[in-house]
Amino acid sequence: LAFATSVVPFRGTLVEAGDAQRAAAQAWMEDRPAVGGTYLERALLQALALPDTGRLRHVVLVTDGIPTVGETDADVLVRRAAAANPAHARVFTFGVGHELDVTLLDRVAEATGGTRDYVAGGEDLEIATGRFYAKVDRPVEYKFTLVDGWSRKLFIALLRRYLLKPYRRARQRRNTVM
């Protein structure tokens, strides 16, 4: 999705990340003008609303500004992002430049189990993207089935303590933790 004053999707749904699709997406992004406001709310909610494919989902939010179109209150945006995330997508925020709502980007990343990074004007963007790819290159997902509710609660508390995001898929048993 590209966003400024409005939100424009590359395709209507998720696509495989093959060479042809990457080239088409890059050409599409290069044709997008960077004008107008920052409709962060709509872009984030639309990205989170994409169909659940059953795979680990990442949303990469790259912005060079503060929200100026739609909802601009950080508390409301974070609540809406958390509520609109049934697939448990991790949002990785990536701020570029100096005019950023750093607190908002930090909170969105934290609320969804993602991370954040920032590049000031004049910094090398390749270094920051390298840090990002090192974090997401090989995601890990484990399935644990615990014997009782107390064990499950303790295990979930430990995971959250170390900033890991436990979840359960629909129709899984109550003592299963992913």
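Every read-out reported here was derived from the displayed coordinates using simple, explicitly stated rules and does not represent laboratory data. All figures in this text were calculated on a predicted structure; none of them were measured in a lab. Reconstructed Cβ throughout: ideal geometry from the backbone, glycine too, with neighbour counts over all protein chains shown.
Computing FRET efficiency as 1/(1 + (r/R0)^6) for F10 and A157, where r is the C-beta to C-beta distance and R0 is 45 Å, gives about 0.70. Seen from G65, the other residues with C-beta closer than 10 Å to its C-beta sum to a net charge of -3, counting Lys and Arg as +1 and Asp and Glu as -1.
Which trypsin sites (Lys or Arg not before Pro) does the stretch 31-69 hold that lie in a coil by DSSP with at most 13 other beta carbons within 10 Å? Could you put the intermediate results ahead of the total?
Working: sites: R42, R55, R57; in loops: R55, R57.
For trypsin sites (Lys or Arg not before Pro) across the stretch 31-69 that sit outside H, G, I, E and B with at most 13 neighbouring Cβ atoms in 10 Å, the list reads R55.
With the alpha-carbon atoms of the stretch 1-149 aligned to their principal axes, the span from lowest to highest coordinate is 55, 39, 31 Å, starting with the largest.
Suppose R0 equals 22 Å. What FRET efficiency, 1/(1 + (r/R0)^6) with r the Cβ-Cβ distance, do T129 and A20 give to the nearest 0.05?
Working: r = 22 Å, r/R0 = 0.98.
So the FRET efficiency works out to roughly 0.55.
Could you order peptides 27-36, 7-16, 70-79 by the average number of other Cβ atoms within 10 Å of their residues, highest first? Kindly include the intermediate steps, with their values, before the conclusion.
Details: 27-36: 9.5, 7-16: 12.1, 70-79: 15.6.
So the peptides 27-36, 7-16, 70-79, ranked by packing, come out 70-79, 7-16, 27-36.
Each label point was placed 7 Å from the Cα along the Cα-to-Cβ direction; for A49 and T145 their separation is 3.7 nm.
Would the stretch 17-60 count as rounded, prolate or oblate if I go by the C-alpha gyration tensor, calling it rounded below 1.5 in a/c and otherwise prolate when a/b exceeds b/c, oblate otherwise? Intermediate values should be presented prior to the final figure.
On the way: a/c = 3.33, a/b = 1.09, b/c = 3.05.
Taking the square roots of the gyration eigenvalues as a ≥ b ≥ c, the stretch 17-60 is oblate.
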